[in-house]
Structure formats: structure tokens, C-alpha cells
Amino acid sequence: MVKVQKIKFDKYFTIILAIIICVGITMIFSASSIRALEQFGDMYYFFNKQIINVVLGLIVMIITAKIRYQKYREFLIWINGITIFLQCLVIFSSFGQTVNGAERWLNIGGFAFQPSEIAKITVVLTLAHIIHVKKQDGSLNKLVQGIFPILAYIGLYVGLVLAQKHLSAAGLILLVAVTMLLIGGVKISYFVIMAATTLGIAVIGVIMEPFRLRRIIGFLDPEANALGDGYQIVQSWYALGSGEIFGLGIGMSRQKFSWLPENHTDYIMAVIGEELGFIGVLAIIILFGALLLRGLTIASKANDVFGSLIVAGISVIIFYQATINFAVVSGWFPTTGMPLPFISYGGTSTIILFIGVGLIYNVYSQIAEKK
């Protein structure tokens, strides 16, 4: 029988998250209204769909938080099996759908989603369990019994996601996994192997797909190809620059009038900068920083290593994803498909992130039980 628990909500984490979600819903409406009106004749089209995404996300968050997190260990084989099967469907079946040159979507019966988002949560749960077990039996820092099997597991998912031409998601999974290993107590010397592996994967990932090389060239000198591969960065700069300190005001963005691509998804931060200015952008950055710090505080108080690493893993997923998005929008990182957590429009990303938050509340609920 599945054990359930009474959910406890950390008030600081909840307040920060609620503010981020409210900002996201508001800015999705502002950024998407023109495009929604042109394409669907309804300026509320994306706004309404995101409300549904958030409601569905809250439902799965509560369900995830109710089942005591220790119980998930019993289903890890099934969770991994389903996750790997979904990745393979994208790569090898006719259900895989190509969008903007990348085949990372799975379309079944008109319902489209990105299995690579599911892989992030699966890897966090499984790695937390593996590290917990190997710390208990003392094999975590042994190459054959500890490090190599862990690297093989991480490599499996990185390879599957790379095969979907989703380099940013593969990089994020690798970065989160390395962070969890560092927190879990793996010797620093082993990170040289991981760093070399990461660099090798990045180089191979760029070589395999010419569009990535074009993006890097466009990133290095976007103004030299402002109508080609540098277009998104240049238009993002226009948006951020015109916002100055205090912004033009909510709803007053000019770049959302078909100038800035993906203005309600990956580049929504540029619209925030244009409408809310430097102050608004800084506030968003502070909110994500505060969410990370609160998440790591909860992780430090967890009842066991498994719970601690779950919370730490989810927290850094949110923070790293936000950081990459900030870097792309500001031109510090090549253009890549990385939405801003809880702010960018998107069903799969939003719902999966809520599952992650449910796991954080799950662990916190057991911390609160012992107070």
C-alpha cells in the first residue's frame, strides 16, 4: 500500500515561487497577446493555456508531494524504463516531431511534449538513490564500484538527449548530475574526468550538427549577421536596451510586434527587460537566487541523504535553467532552447518543474514532521 502524508509547505520557498509564477503568467499575456491575436484571433490564447498548465502542474505537484519520497525508490526501475522508452520513441519512431531543426518532441494523438524534460527529474531521483546507497556501503569513491557505473548511467541519458538534438538539455542533465555528485561527497580529483568528458561531449555535439556551429558563430559576432543567425540576439539586445532602468511599462513592449522570435517562450526575459527595465530583470534574478538558497537550506535539513540530494538536484535544475536562459537572452551564451522556469510559456516544462517542486515539498513535509 502506498503511504501518503500530510503536505507541509515551506513558507519562504512558497512565497518566492508564487511571485515567480504570477510574474510569469502576467508576462506571458503581455508578450504573447499580439501573436495570439494574429494566429488564433484570441489575444488570451497562450495566457489561457498557461493557466491550464499551471493548474495541471499544481495538481501533479500535490500528488507527488503526498506519496512519501522513500516510496519512489521502489519504482525507480519502472520510472527509468518508461523515461528511456519515451526518449527512444522520439529518436526511432514516427511519433517524433521536428521543431526548428530539432527532433525533441513526441506527438501522440495530437498531444505533444518533450520527454527530455522528464529525463531531468528521473536522473535526479535515481542519482539521489545511487549516491545514498553507495555512501552507505562505502563504494561511492571507488572507481569500479562507484564512479564508473554512475558515469555510465549519466552518459546513457546524455546520449539519448543528444540524439534528439537537444544539446542544452543534455548539458543541463550533465551539469546537475556533477553538482549532485559534488554535494554527495565524490572526491574532487574525479571531477577532472567528468570535466574532460563534458568538454568532449560539447565538442562532439557541435560538430555533429552544423546549425549549432552557425549559432556559435552568430553568438560571437551577432551584429555581423543581424538578419541571420545573430537575429535573435540582436533583437533581444534592442528589447533590453530600450527598457533602460525602469522599463516602458507592462504591455508596452515594441519588440513583441513580430520582431523578437520566441518572445513568450525562450526570450520572454527580453520582453521583461523592455517592459520592466533593469530593475525588473534584477528582481527576477534575485528571486531565482533566493529560491536556490531556500531550496539548499531545505536540503541541508533533510532526514537522509536521499531526500537531501533530491531537493538539491531539483533546486539546481531550476537555478541552472534560469541562469542559462539569462545568459542566452543577454548574449553571453549561444542561442539554445532553454525556457525560463515558471515564467516562459510551455506545458511540458511547467508541469515537470511542478513535479520537481512536489518532491521538494515531499521532503520538507517529513522535516516538518520531526519539529
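The values are calculated or read from the model by the stated rules, or taken from the named source; none is laboratory data. The structure displayed is predicted, hence computed values, not measured ones. Glycine also receives a Cβ, built like all others from the backbone with ideal geometry; neighbour counts cover every protein chain displayed. These accessible areas exclude ligands, DNA and RNA; they are computed on the full protein's heavy atoms, side chains included. Shrake-Rupley method; radii C 1.70, N 1.55, O 1.52, S 1.80 Å.
Annotations
- If the convex hull is drawn through the Cα atoms of segment 1-68, its volume per residue in Å³: 79 Å³
- Simple label model, 7 Å out from Cα along Cβ direction - D304 to F111, nm: 3.2 nm
- For the chain, the spherically averaged projection of the C-alpha convex hull amounts to 18.9 nm².
- Entries of K6/K71; K6/K49; K8/K49; K165/K187; K49/K120; K3/K370 with Cα pairs more than 21 Å apart: K6/K49; K8/K49; K165/K187; K49/K120
- Only protein heavy atoms count here; under a 1.4 Å probe, F257 has an accessible surface of about 110 Å².
- Spin-label pair L58-V133: with each label point 7 Å from Cα along the Cα-Cβ axis, the two points sit 3.8 nm from one another.
- Summarising the label geometry, the points placed 7 Å from Cα in the beta-carbon direction at I188 and F40 lie 5.1 nm from one another.
- Förster radius 41 Å - calculated FRET efficiency between A152 and A327, Cβ distance, rounded to 0.05: 0.85
- Solvent exposure of the chain, expressed per residue, is 45 Å² of accessible area, with all protein chains present and a 1.4 angstrom probe.
- Degrees separating the helix 191-208 axis from the principal Cα axis of the chain, which is the longest one: 40 degrees
- Two-decimal Rg/Rh across segment 58-166, once Rg and the Kirkwood Rh are taken from alpha-carbon atoms: 1.04
- Helix content alone sets the calculated 222 nm mean residue ellipticity of the chain: runs of n ≥ 4 DSSP H residues at -39500 (n - 2.57) each, divided across all residues, give -23000 deg cm²/dmol.
- With Cα atoms, 0 to 90° folded angle of helix 268-300 axis to the chain main axis: 10 degrees
- The slack between Y238 and K11, meaning 0.36 nm per residue of separation minus the straight C-alpha distance, is 77.9 nm.
- Segment W78-I250, length gained on full extension (0.36 nm per residue, minus Cα span): 57.4 nm
- Since only Y45, I63, L162 are under comparison, the one whose Cα sits farthest along the positive direction of the charge dipole of the chain, derived from C-beta charges on Lys, Arg, Asp and Glu, is I63.
- Most to least packed among 180-187, 329-336, 123-130 [average Cβ atoms within 10 Å]: 123-130, 329-336, 180-187
- Using alpha-carbon coordinates, inclination of helix 231-243 to the longest axis of the chain, degrees: 80 degrees
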